[in-house]
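This report refers to the structure that appears directly beneath it.
The values are calculated or read from the model by the stated rules, or taken from the named source; none is laboratory data. These figures come from a predicted structure and were not determined experimentally. Cβ atoms come from the backbone with ideal geometry, glycine included; neighbour counts cover every protein chain shown.
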Amino acid sequence: MQDIEVLGCVQQGIDFIKKIKKKNFLFSLVISYTETCEIPGITVAGANLDFVKFTPAADAEFLHYGNCKCIDVIPMTPDGKPTPAILTKVALEAASIPTIIINAGSKVLPNLPYLETGIKPGKNIALEAGLDRDSVTRAVEYGRIIGRFLGSSTDCLVIGESIPGGTTTALGVLKGFDVNAKVSSSMLSNPVKLKNKIVDSALKRFDTDDPFTVLANVGDPMIPTVSGMLSSASESTNVLLAGGTQMAAILAFSKKIGFKEKNTAIGTTSYIIEDKTANFVEMIKQICDVPILVAKLKLAESEISGLRSYAEGFVKEGVGAGGASIASMLKIGLDSSTLLSLTEKEYQRITLQSQT
């Protein structure tokens, strides 16, 4: 399809698309939290510490209701830049793709039905280990149970995430596994020096290549949970990892604990690929042989500045937006122009809602 580009293992990507085209999809969103996001300057959401803890739950609620229940405001910055959940919601609704929420350490619980893991939020890796080792083991085990269950009910399990500050903990995991990683950011100006300073300091706390110890020290609860889901689900169905930097960290950890690199692809937006401060494609090549499917969205053509901002470097990806867009394209043949039109209508709806 002209709106989906295949990078990396191209033939594998083409074969993956053939297997899932016009098939059944299930979208899962793993919500989580790391106190690393509270470090000033790390994330857009972190600019408001009173709001940041609500972000994952608010994203989950927005997907289901079209508004938030845990907070009163529409998930949009004061200057009109919307949460990437708007892209995800539009794509899933257009293609009638069902959604399930998994809580893996969110600080605030969403007001809707969800699968509960009982995993606690992650700590600030600049100050201490993000998790204890037992929590990492439990997250993987619970993820495997969830992945086995969800994978048995669909032709393609799409896994997205919402965790503020997640690119920093992902960087920690990637560097902990000796991956030459340059990660993206939700901010227009990527705080590369700050992220590397935090991670490099955290990596000095331990001296081992044990994957569970690495993850515990510099990771977050989302990564081992999704890694467990991937490991089991990919044994029985196709899995589309919907996201950018965090999915690279998930693949790196998954491979260390036995992931067999089958029935899997990454689905992301073109804005991640175009990020000059990151090296997403090169990162994946270093880790494993998994194809990258790229949704070539047309937000740059929007008359709405808040949507155009994605093409200008703001946010770029999140809440599984790229993977959800690809799933809608493959299930019902939706094109990027139609997705843009539907997204503009949704944007106008939430703008009017915020004014009432």
Self-check item: Answer from Val319, Val315 - the residue that is out of contact with any Gly (no Cβ under 6 Å at 6 or more places or on another chain) and either closer than 26 Å to Phe280 by Cα or modelled with pLDDT of 95 or more (or both)
Solution: Val315
Practice problem: Please determine, by comparing only the residues of region 239-266 that are more than 12 Å from the chain's Cα centre (by Cα) and in a helix (DSSP H, G or I), which one is nearest to Leu330 (Cα to Cα). | Solution: Leu251
Exercise. Hey, can you tell me all the residues within region 102-120 that are aromatic (Phe, Trp, Tyr) and either loosely packed, with under 14 Cβ neighbours inside 10 Å or farther than 13 Å from Ser28 by Cα (or both)?
Key: none
Quiz item: For region 201-226, which residues satisfy the criterion of being hydroxyl-bearing (Ser, Thr, Tyr) and closer than 14 Å to Gly176 by Cβ?
Solution: Ser201, Thr208, Thr213
Exercise. Output the number of the condition that Met329 fails; it satisfies all remaining conditions of (1) outside any helix (DSSP H, G or I); (2) within 19 Å of the chain's Cα centre (by Cα).
Key: (1)
Quiz prompt | Pairs where the first residue, in region 322-334, is of a type in the set (Ser, Thr, Tyr) and the second is part of a helix (DSSP H, G or I), C-beta under 6 Å, 6+ apart | solution = Ser325/Ala91; Ser328/Ala91; Ser328/Ala94
Quiz item: Which members of region 267-277 meet the condition of being part of a loop (DSSP other than H, G, I, E, B) and out of contact with any helix residue (DSSP H, G or I) (no Cβ under 7 Å at 6 or more places or on another chain)?
Solution: Glu274, Asp275, Lys276
Quiz prompt | Criterion: under 24 Å from Glu274 (Cα atoms) and not in a helix (DSSP H, G or I) - qualifying residue of Gln2, Gln12 | solution = Gln2
Quiz item: Residue check, Ser305 against (1) in contact with a Cys (Cβ under 7 Å, 6 or more places away or on another chain); (2) farther than 22 Å from Leu26 by Cα; (3) among the hydroxyl-bearing types (Ser, Thr, Tyr), all met but one. Which one?
Solution: (1)
Practice problem: Among the numbered conditions (1) more than 23 Å from Ala170 (Cα to Cα); (2) assigned to a loop (DSSP other than H, G, I, E, B); (3) free of Cβ contacts under 8 Å to residues at least 12 places away in the same chain, tell me where Leu297 comes up short. | Solution: (3)
